[in-house]
Amino acid sequence: MKHLIAVASLAVACVAGQASAERLVVGVENIEYLPHYNWDGTNYTGFGADLLSAFAADEGFEIEFKALPITRLMQAVVTGDVDMKYPDNAYWSAELKDGQGMVYSEVVAEAVDGVMVLPDQVGRPVEDVDRLGTVLGFTPYSWLDRINAGDVDLAENANFIGMVRQALVGRIDGAYANQDVVRRVLRELGKDEDALVFDEKLPHSVSNYHLSTSSRPDVVAAFDTWLAANGDTVSALREKHAF
């Protein structure tokens, strides 16, 4: 899946009088990351998909979701091979983006990434975490110092289900991921969503999701205006996707 390049097109209504809507290519991650977003090989769904589709419908754009592996996706937005990327953050691949004129929207969603552990393991000192689970393509930034020092080994998984299963049986000391995603995976596995819990005392990070571009700042500006004017729509979509 990592090497898959896939495209899904979603045509939305054109504004009255237009012969055709302007087409925008939005680069997205070719992974399952619900409730925030998901690429299933054919379709892009989740909160991000619904939000961007609503914006496009209101503003008269035709939006195409182009799914790429995470590392290739970052290159694509920098070079302009996609008009914009979602989600993005100025801190992600900052060196690659330096001097590339990247523009970011206002905050779309907040994400808390941290260590999900078995309930009886909450409160352990950071020194007791020897093996940390992650998913390929994701970097546990708040643990990089300990990883680089050799104090923590990474157990990289191809997907979130594999990582969560490792955490449930104790093969890793904790699963580093977005809390919303882990809880959704637990429900999917038929587990109580508190079977793994967030240990707030361990290193974690709070980051924001933005829409980004290196080539279409005008669209990002229009998106910001739309976000400010459509708070009820955004709230309803958060409720729909349960985060």
Exercise. Nearest 20 debye, what's the magnitude of the dipole of region 12-96 about its Cα centre given +1 on Lys and Arg Cβ and -1 on Asp and Glu Cβ?
Worked result: 120
Problem set entry | Cα-Cα pairs of the chain separated by more than 25 Å (percent) | 45
Seminar exercise, completed: With N residues in region 137-231, Rg(alpha-carbon) / (2.2 N^0.38 Å) equals 1.41
Exercise. Who wins for biggest fluctuation among 176, 209, 91 in a Gaussian network model of the chain, springs between alpha carbons below 10 Å?
Worked result: 91
Exercise. Near the amide H of residue 60, under 5 Å away, which other amide H atoms are found, from residues 5 or more places off or on another chain, if H is placed in the peptide plane?
Worked result: none
Problem set entry | GNM result for the chain, Cα springs below 10 Å: residue of 132, 211, 96 fluctuating most strongly | 96
Problem set entry | Residue (of 158, 123, 139) at the positive-pole extreme of region 120-189, dipole from beta-carbon charges | 158
Seminar exercise, completed: Sites removed, the longest contiguous part of the chain containing no DSSP-loop trypsin sites (Lys or Arg not before Pro) with at most 13 other Cβ within 10 Å is 3-170
For this session: May I ask which residue of 242, 207, 217 lies farthest towards the positive end of the charge dipole of region 138-243, with charges of +1 (Lys, Arg) and -1 (Asp, Glu) on Cβ and the Cα centre as origin?
Result: 242
Problem set entry | Rg [Å, one decimal], Dmax [Å, integer] - region 57-137, C-alpha atoms | 17.7, 54
For this session: Over all alpha-carbon pairs in region 192-233, figure out the percentage whose distance exceeds 12 Å.
Result: 74
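Throughout, read-outs are computed from the coordinates displayed, never taken from laboratory work. Keep in mind the model is a prediction, meaning the values are calculated, not measured. Don't worry about glycine lacking a Cβ; one is built from the backbone with ideal geometry, like all the others, and counts go over all protein chains shown.
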